[in-house]
1. With a 1.4 Å probe and every protein chain kept in, tell me what percent of the accessible surface of segment 27-172 is carbon plus sulfur.
2. Percent relative contact order of the chain, based on C-alpha pairs within less than 8 angstrom and at least six residues apart?
3. R0 = 22 Å: FRET efficiency of ASP143 with LEU82, Cβ-based, nearest 0.05?
4. Segment 66-172: which chymotrypsin sites (Phe, Trp or Tyr not before Pro) are DSSP loop and have at most 13 other beta-carbon atoms within 10 angstrom?
5. Take the alpha carbon atoms of segment 74-139, find their center, do the same for segment 1-41, and report the distance between the two centers in whole angstrom.
6. With the other protein chains left in place, how much accessible area per residue, in square angstrom, belongs to segment 126-168 at a 1.4 angstrom probe?
7. Run the numbers for THR155 and ALA4: contour at 0.36 nm per residue of separation, minus the present Cα-Cα distance, in nm.
8. Before I look further, what does segment 1-51 give for accessible area per residue, probe 1.4 Å, in whole square angstrom?
Amino acid sequence: IASADGHLEVNAGTTLDMTAPTVDINASTAVTMTTPSFIVDSATEDQPVMQLKNTSNDVSGPELRFVMDKGAAGAANDSAGLITFYGDDANQDQVKFGSIQVQVATHTNGQEGGKMALGVANHDGGMGTGLLLEDGSADNEIDVTLGLGADSTVTFAGGMVMPSTTGKAKMT
């Protein structure tokens, strides 16, 4: 349906199928899709590739932005975004092998702080956080937790610099 105000509407009962070597969409302000799932697949090796490309001659690069806007006040532990990585195990079961999650740590206005967790499947397929970056108790402080459990090993290639140990336990 084409309306007089320049609006083009396409309605399909079940599937809208577009087949072409290239589908080119040019929008001057935005392309908006409202859908519960967006899938890009390919049967070609090393594909699909999703690329965000900035062609402006400036110092700013493209941005991948996750937005949690629930229409209500934020709360501690709200998820701001999650990236998961799945692969086949030896039984061809799809298993989550890794994740990156960002959450609200402190939601108080003027004291906002975040938490970022890098997780991996650990031994039995369960997820565990191996690197946790979290808002500290003061401005310009980020607390870091490495490893999971008493049997974890943290290896440093090269040296480790500790600029200030004032009031902190020293590493031996």
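The values are calculated or read from the model by the stated rules, or taken from the named source; none is laboratory data. Only a predicted model underlies this, so the values are computations on that prediction, with no experimental measurement involved. In this analysis, Cβ positions are derived from the backbone assuming ideal geometry, glycine residues included, and neighbour counts consider all displayed protein chains. In case anyone asks, the SASA skips ligands and DNA or RNA and just uses the protein heavy atoms, side chains included. Shrake-Rupley method; radii C 1.70, N 1.55, O 1.52, S 1.80 Å.
1. 51
2. Relative contact order comes out at 9 percent.
3. Working: r = 21 Å, r/R0 = 0.95.
It comes to 0.55.
4. Here the sparse-neighbourhood loop sites are PHE66, PHE156.
5. Measuring centre to centre over Cα atoms gives 33 Å.
6. Details: 3450 Å² over 43 residues.
That works out to 80 Å² for each residue.
7. Values: separation 151, 0.36 × 151 = 54.36 nm, distance 6.64 nm.
Residue separation times 0.36 nm, minus the Cα-Cα distance, leaves 47.7 nm.
8. 106
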